[in-house]
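Values in this text are rule-based calculations from the coordinates and carry no lab data. It should be emphasised that the depicted structure is a prediction, and the values quoted were computed from it without experimental measurement. Methodologically, a virtual Cβ is constructed for each residue, glycine included, from the backbone with ideal geometry; neighbour enumeration extends over all protein chains shown.
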Amino acid sequence: MRVRRLGWAGLEIEAGGKRLVIDYVRDISPLFTGWKPGECLAAPTGKVDAALVTHLHRDHTDASALAEVLVPGAPVLRPAPGHGDDVDNVTTLQAESELARHRLAATVVDPWSTREIGPFRVTAVPAVDGLGDPQVNWVVEAGGRRLFHGGDTMFHGYWWLIARRFSPFDAVFLPANGPVVDVPHLQPPSPVLAALDPRQAAAAAKILDARHVVPIHYEPEQPDKVAGYVEVADPERELREHAGPRARVPAVGEWLDLTT
């Protein structure tokens, strides 16, 4: 199994001649209005046999991008819809409507549920979203290798349960931008981080017994994404500092071969 970083939180995973993507996006300006087009996001290297989605924030679910790369009828595994009314679900409504419009084969999955997709065995595991929206993280296994994708989860107590069931991991891909969020529908604001920062990502990687920890959910070329979203200044440097030799920082578009 080998893995290619697609930028922001996106991954392309290849095994046995098949491909799946996790949180693949091509345009996240609907959420991050300050995001500028550039070389920050890459496309998969070929047609994709399945897509996994951690949650329905528009920077993690881009139905238009998925529709372009998925083979016809390919499964899209996603968490449950948001709770409550349209105010509660303001950050998931756009992705929900786009999934319906593109008529993707989306299926809701519950935490701890497992699916077999070609050579891949994928399991949704619990996660905690910093804005209160439903989120799962993903364990992907193929060819005797295992990786973890952390979406944009906060630090939580499920790490030890996940480790008991799945560790060790060849690689874990964890958010590392540690954002503090101040947005109109979540008031009063909180100074608590809405996703892992580098120190927390290093701690989670240690609990998960990861050979490599790779930072995701950050982009140094896009420092001013939107008002009210303040990130760690240098996630790459801080992750190397806290995670030591576990830390790997592939460039966007670069492959990481987990068989070596």
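With the charge dipole of the chain set up from +1 on Lys and Arg Cβ and -1 on Asp and Glu Cβ about the Cα centre, the Cα lying farthest toward the positive end among the listed residues VAL140, VAL249, GLY82 is that of VAL140. For the peptides 229-242, 17-30, 77-90, the ranking by packing is 17-30, 229-242, 77-90, with the highest mean count of neighbouring Cβ atoms within 10 Å listed first. Phi angles of segment 67-77 translate, via the Karplus equation with coefficients 6.51, -1.76, 1.60 and θ = phi - 60°, into HN-Hα couplings of 4, 6, 10, 6, 5, x, x, 4, x, 10, 9 Hz per residue; Gly and Pro are given as x. Cα centroid separation, segment 209-233 to segment 3-82: 17 Å.
Simple rule: put +1 on each Lys or Arg Cβ and -1 on each Asp or Glu Cβ in the chain, find the dipole, and look at ALA63, PRO44, ILE28; the Cα lying farthest toward the positive end is PRO44.
Please compute the net charge surrounding GLY178, taking Lys and Arg as +1 and Asp and Glu as -1 over other residues with Cβ under 12 Å from its Cβ.
The answer is -4.
What residues from segment 2-22 fall in the zone where the backbone N is under 19 Å from a label point 7 Å along the Cα-to-C-beta line of LYS47? Only 12-22 pass the distance filter. Percentage of Cα-Cα pair distances in the chain greater than 29 Å, rounded to whole percent? So the pairs more than 29 Å apart make up 22 percent of the total in the chain.
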